[in-house]
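Below is one structure; the comments refer to it alone.
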Amino acid sequence: MTTIIRGGTIVNADRAFRGDVLCFGDKIVAVGEQLDAPANATVIDAGGQYVMPGGIDTHTHMQLPFMGTVTADDFFTGTAAGLAGGTTTIMDFVIPDPKQSLLEAYRTWRGWARKSAGDYTFHVAVTWWDESVHADMGTLVREHGVNSFKHFMAYKNAIMADDETLVKSFRRALELGAIPTVHAENGELVYQLQQELLQKGITGARAHPLSRPPEVEAEAANRAIAIAKVLGTPVYIVHVSCAESLEAITRARAKGQRVYGEALAGHLVIDDSVYASEDEDFARGHVMSPPFRGKHHQAALWQGLRGGNLHTTATDHCTFCAEQKAAGADNFTRIPNGCGGVEERMAIVWDAGVNSGTLTPSEFVRVTSTNAAQIFNMYPRKGVIEVGADADLVVWDPNGTRTISAKTQFAKGGFNVFEGRTVRGIPTHTIAAGKLVFERGDLRAEEGAGRHIDRPAFTTTQA
Ligand code: URP
Ligand code: ZN
Ligand code: ZN
Ligand code: ZN
C-alpha cells in the first residue's frame, strides 16, 4: 500500500516547506522534492494545500458511562468523526468507579475501544486510593503503555479525587515516570453552589455556569499546581477555560515549573450567552464542565496558546442527545455534562486561529498535534511529518469552506455546539496509518482499523 501526496506545503511545528510525502504501509518513508513513486501508488494532488500531521485530540470520552447514561458516540462513530475532521489519534479516558480496580476498568475500556477506526490511547483516572491503586498504576505504566493519570477535582459523590488521592497519586506518577493530569474545579464548592441554586428555585440550564464560576476552576488549578510543585512533578491541566486558571499556569511556568495546559475548541469560540437561551434543549446542549465563559476568557485562551502557556487543543468530545440531556429538565445538576467537537476541532482552530492571524500554520500544528505527542510521549511516531513517523496526515485546503451543522455531521447525538458556523480551511483528505480514510466528504472509516498506541514512561531515576 503506497500513497504519495504531491506538491503540497508540508507543515511541521518547526518549519514549512514544499515537497512530497511518500507513505508505504503505515509509515512515512520519504519526504522531499519530486520523489519517485511506484506506478501503483495512490497519488494525492496537494497543490495549493497544506499537508500536516494528523490531529491528536488529547481529550475525548467515547462510549462513556456518565451521569446515569452512556455517550452517544462509541469508539467507532467517535473516531470516524475525528477522521472526517483530520484527527487521526484520540486520547480517551479510562474512568474506574470508586473502589473499582484500575486494571479491571482498563481492560473494559480496551475492549470497548477495539472497534475504533482511528488510533487511540488512554489516560487512566485515579478516582480513589489504596495500595491496590498504587500497584495497578505501576502495572499500567510498565506493562500497558499508560503514561498519564487523570484526576477529577470535581464531581463530588461520584469520581472526585480528594486531596489525599491527589497527593499520593501525583507522587506515584512521578516515581513511575508518568504525568498527572487534572480536571480543575473545586467539587465541594460546585456542590454547595448547586444546592443553593436549587433551593432558590433556579433549576434550569442557566444555573449551570452560576454553579461553576471561574474562581471554582482557578482554586483547583492553583491547588493542583501547588501540590505538583511540592512533590516536584509536572502537571497537565485539562480544559483550561478561564483567564484565572491560565494566570495560575503562567505564573508557575514563569517560575520554572513544568505545567501544561489544554484548551478546548469550544471554549475558544463559544461564550456563555448560550445558557441564556429560551430554548432549554439548546441551553442544555451546551452544558459541560467547565462551562462556556464570557468573551474576555476566550481572548485570554488564544493569548495562552500563542504565548506558549497553553499547549494543546482538544474537545472533551462527550456527546449526549436531547433526550439524554432532558434527564436534567427539572434539575440542572442532572443534565449529563458534555459536548461534541472531535470532528470540528481542527477547522475551528484553523478558522479562528490561523485565519485571524493569531497562529501561524506551524503554530497550528504545534497545538493540534506536536505538543500533544511530545507531552504524552508519542513523538516522533506522532505529531511530525518525517521519515519513520506514522503515516497520519491531513491535506488541508485553506480556501475550502464548510458550514457546520448537526444535519451533516458524522458524529452522533444530533446536536452541534458549532451549529451554523462557516469555517474557511477544511480537510480534503485524511490518511490514517497509511490508508486514505476521508476524501472530500467521503468517509471510509473502517471499524477496528484503529490501533492502541502504547506510550512508554518518561525516563526516571528509578530502575
Ligand atoms: O462536561 C464534561 N466535560 N464532561 C465530560 C467529563 C469531564 O469533565 O471531562
Ligand atoms: Zn496490555
Ligand atoms: Zn473534565
Ligand atoms: Zn473530559
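Every number in this text was worked out from the coordinates using simple rules, so none of it is lab data. What you see is a predicted model, and the numbers here were worked out from it, not measured in a lab. Please note: Cβ atoms are built from the backbone with ideal geometry, for glycine as well, and neighbour counts cover all protein chains shown.
Of note:
- Filtering the stretch 335-349 to residues that are of a type in the set (Gly, Ala, Ser) and within 16 Å of ligand 3 (Cβ to nearest atom) leaves 338, 340, 341.
- Subset of the stretch 343-393 [closer than 22 Å to residue 403 by Cα, surrounded by 22 or more Cβ atoms within 10 Å (Cβ to Cβ) and polar (S, T, N, Q)]: 368
- Entry remark, the stretch 231-265: residues being within 16 Å of ligand 1 (Cβ to nearest atom) and small (Gly, Ala, Ser) number 5 in total.
- Selected residue [in contact (Cβ under 8 Å) with a residue 24 or more places away in the chain, over 25 Å from the mean Cα position of the chain (by Cα) and under 30 Å from residue 411 (Cβ atoms)] from 71, 42, 2: 42
- Output for the stretch 216-240, where each listed residue is within 12 Å of ligand 3 (Cβ to nearest atom) and more than 19 Å from residue 178 (Cα to Cα): 217, 220, 239, 240
- Some residue of the stretch 14-32 being buried (at least 21 other Cβ atoms within 10 Å of the Cβ) and of a type in the set (D, E, K, R): yes
- Residue count for the stretch 76-102 satisfying the condition of being closer than 19 Å to residue 315 by Cα, within 16 Å of ligand 1 (Cβ to nearest atom) and either more than 13 Å from the chain's Cα centre (by Cα) or assigned to a strand (DSSP E or B) (or both): 6.
- Cβ separations smaller than 6 Å between residues 6+ apart or across chains give the following pairs from the stretch 261-276 residues that are surrounded by 21 or more Cβ atoms within 10 Å (Cβ to Cβ) to residues that are charged (D, E, K, R): 264/316; 265/345; 275/206.
- Tally, over the stretch 267-289, of residues that are in a helix (DSSP H, G or I) and either within 16 Å of ligand 2 (Cβ to nearest atom) or farther than 20 Å from residue 153 by Cβ (or both): 13
- Flag for residue 175 being more than 12 Å from ligand 3 (Cβ to nearest atom), without any contact (Cβ under 8 Å) to a residue 40 or more places away in the chain and over 22 Å from the mean Cα position of the chain (by Cα): no
- On inspection, residue 155 passes the criterion of being on the phi > 0 side of the Ramachandran plot and hydroxyl-bearing (Ser, Thr, Tyr).
- Scanning the stretch 178-220 for residues that are over 25 Å from the mean Cα position of the chain (by Cα) and either among the basic types (Lys, Arg) or under 26 Å from residue 146 (Cβ atoms) (or both) yields 200, 206.
- Hey, residue 120 closer than 17 Å to residue 318 by Cα and either in a helix (DSSP H, G or I) or touching a helix residue (DSSP H, G or I) at 6+ places or on another chain (Cβ under 8 Å) (or both) or not: yes
- Those residues of the stretch 289-320 which are buried (at least 24 other Cβ atoms within 10 Å of the Cβ) and charged (D, E, K, R), in sequence order: 316
- Residue in the stretch 134-147 that is buried (at least 17 other Cβ atoms within 10 Å of the Cβ), of a type in the set (S, T, N, Q) and within 16 Å of ligand 3 (Cβ to nearest atom) present: no
- Selection within the stretch 159-168 - farther than 12 Å from residue 224 by Cα and under 22 Å from the mean Cα position of the chain (by Cα): 159, 160
- Lone qualifier among 89, 69, 42 - being hydroxyl-bearing (Ser, Thr, Tyr) and crowded, with 17+ Cβ neighbours inside 10 Å: 89
- Identification of helices (runs of 4 or more DSSP H) wholly contained in the stretch 163-232 with 1 or more residues that are within 16 Å of residue 335 (Cβ to Cβ) yields 187-199, 207-210.
- Test: residue in the stretch 47-58 that is part of a strand (DSSP E or B), away from ligand 2 (no atom under 16 Å from the Cβ) and surrounded by fewer than 17 Cβ atoms within 10 Å (Cβ to Cβ): no
- The residues of the stretch 123-162 that are within 16 Å of ligand 4 (Cβ to nearest atom), touching a helix residue (DSSP H, G or I) at 6+ places or on another chain (Cβ under 7 Å), in contact (Cβ under 8 Å) with a residue 40 or more places away in the chain and not in a loop (DSSP other than H, G, I, E, B) amount to a single one, 151.
- Every residue from the stretch 243-259 that is more than 16 Å from ligand 4 (Cβ to nearest atom), of a type outside the set (Asp, Glu) and either part of a helix (DSSP H, G or I) or buried (at least 21 other Cβ atoms within 10 Å of the Cβ) (or both): 243, 246, 248, 249, 250, 251, 252, 253, 254, 259
- Of all residues in the stretch 180-190 being more than 16 Å from ligand 4 (Cβ to nearest atom) and surrounded by 17 or more Cβ atoms within 10 Å (Cβ to Cβ), the one that is farthest from residue 135 (Cα to Cα): 189
- Residue check for residue 105: part of a helix (DSSP H, G or I) and within 30 Å of residue 261 (Cβ to Cβ): yes
- Counting the residues of the stretch 250-287 that are over 24 Å from residue 322 (Cβ atoms), within 16 Å of ligand 3 (Cβ to nearest atom) and of a type in the set (Val, Ile, Thr) gives 0.
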